[in-house]
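Colleague: Shown below is the structure under consideration.
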Amino acid sequence: MERIDGKTAFITGGSRGIGLGIARAFAAEGAKLALVDVDEPSLTAARAELGKVTSVETFVLDVRDRAAYARVADEVESRLGPVSILCNNAGVAGSANVAHMTYELWDWVIGINLHGVINGIQTFVPRMIERKTAAHIVNTASGAGLVAVGSGYLYTTSKFAVVGLSESMRNELEPFGIGMSVLCPGPVATNIVQNTVAAQAALPGAGQRAMTTEQIETRNRALAVATSFLAGGVPPDEVGRMVLSGIKANRLHIITDNLVESAITARTKALLAAIPGNS
């Protein structure tokens, strides 16, 4: 897909952070945009900005809701035409100390970060196959989907799954003219930590997970470190341009920096050494 002008792009988590960066890059190339998010005010702001550049439709959508997803997909295609580019980008950075993990937290993180991707694929891929026209899918994972680098077991589990899904599905989609990329960003200057903390606090039973003063202080220090770390990361608009380039080149992996290079090298060496006969 060397050109995206006139094509319809569906972007989840599209009103903030990386999703908005992708939307801006696509708008500059003349793509029509369908932006979905759970944050209605941000959607309104994104539509006001990007509507000056291209055709934009926005929808409030929880990507875990399959029935709502299908309804929104139908509405998007009736207004903007067939979706040719799908960016499964919505995600959270939720985590918890293993002493405080709950089924609710597991379901929430996996539901958004992994099932949200699956729901996007299951909603749009059958339509793409039926139309027999060029299409492309970008799934947002993380550097933490390539190697465990201290991002927490909940987040890392979900992102490893997205990487595996993307790598294994790519070859199966190719005969249908559908490209597949997986975006594995390192630190990006977004508010995902603050947004996640606010959303996680509203989960059922959140108030019942009693923490000591020491545990609260430890958590707050970790949040401050994570926020500072992301603030120095790649700007979302630059990531958007990387995604656009990755689509045009039909690149499988889109990696935003070299932060995890040494960790990937060490993991690969350890895996090779664990193969019988290599030790």
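Colleague: Would you be so kind as to identify which of Trp108, Ile118, Ile254 lies farthest towards the positive end of the dipole of the chain, taking Lys and Arg as +1 and Asp and Glu as -1 on Cβ and the Cα centre as origin?
Modeller: Ranked along the dipole, the leading option is Ile254.
Colleague: Continuing with this model, one more query. Explain nothing, just the number: relative contact order of segment 15-171, from Cα pairs under 8 Å at least 6 residues apart, as a whole percent.
Modeller: In percent, rounded to a whole number, it is 20.
Colleague: Tell me, what is the percent relative contact order of the chain, built from C-alpha pairs under 8 Å that lie six or more residues apart?
Modeller: Value for the chain: 21 percent.
Colleague: About the Cα centre, and with charges only on the beta carbon of Lys, Arg (+1) and Asp, Glu (-1), how big is the dipole of the chain? Nearest 20 debye, please. Mind dumping the intermediate values first?
Modeller: Values: 24 positive and 25 negative charges, 71 e Å.
Its charge dipole is roughly 340 debye.
Colleague: Would you kindly state the longest site-free stretch of the chain, with sites defined as trypsin sites (Lys or Arg not before Pro) in a DSSP loop (not H, G, I, E, B) surrounded by at most 13 other Cβ atoms within 10 Å?
Modeller: Working: sites that count: Arg3, Lys52, Lys132.
Segment 133-279 is the longest.
Colleague: Evaluate E = 1/(1 + (r/R0)^6) for Thr265 and Gln194, where r is the Cβ-Cβ distance and R0 equals 45 Å; express this FRET efficiency to the nearest 0.05. Kindly include the intermediate steps, with their values, before the conclusion.
Modeller: On the way: r = 33 Å, r/R0 = 0.72.
Given R0 = 45 Å and the Cβ-Cβ separation, E is 0.85.
Colleague: Over segment 20-63, what is the mean sequence separation of C-alpha contacts under 8 Å (at least six apart), divided by residue count, expressed as relative contact order in percent?
Modeller: 44 percent
Colleague: Charges only on Cβ, +1 for Lys and Arg, -1 for Asp and Glu: so what's the dipole of segment 53-204 about the Cα centre, in debye to the nearest 20?
Modeller: Dipole size: approximately 140 debye.
Just so you know, all these numbers are worked out from the coordinates, no wet-lab data involved. Fair warning: this is a prediction, and the values are worked out from it, not measured in the lab. Every residue, glycine as well, gets a Cβ built from its backbone with ideal geometry; the counts of neighbours run over all protein chains shown.
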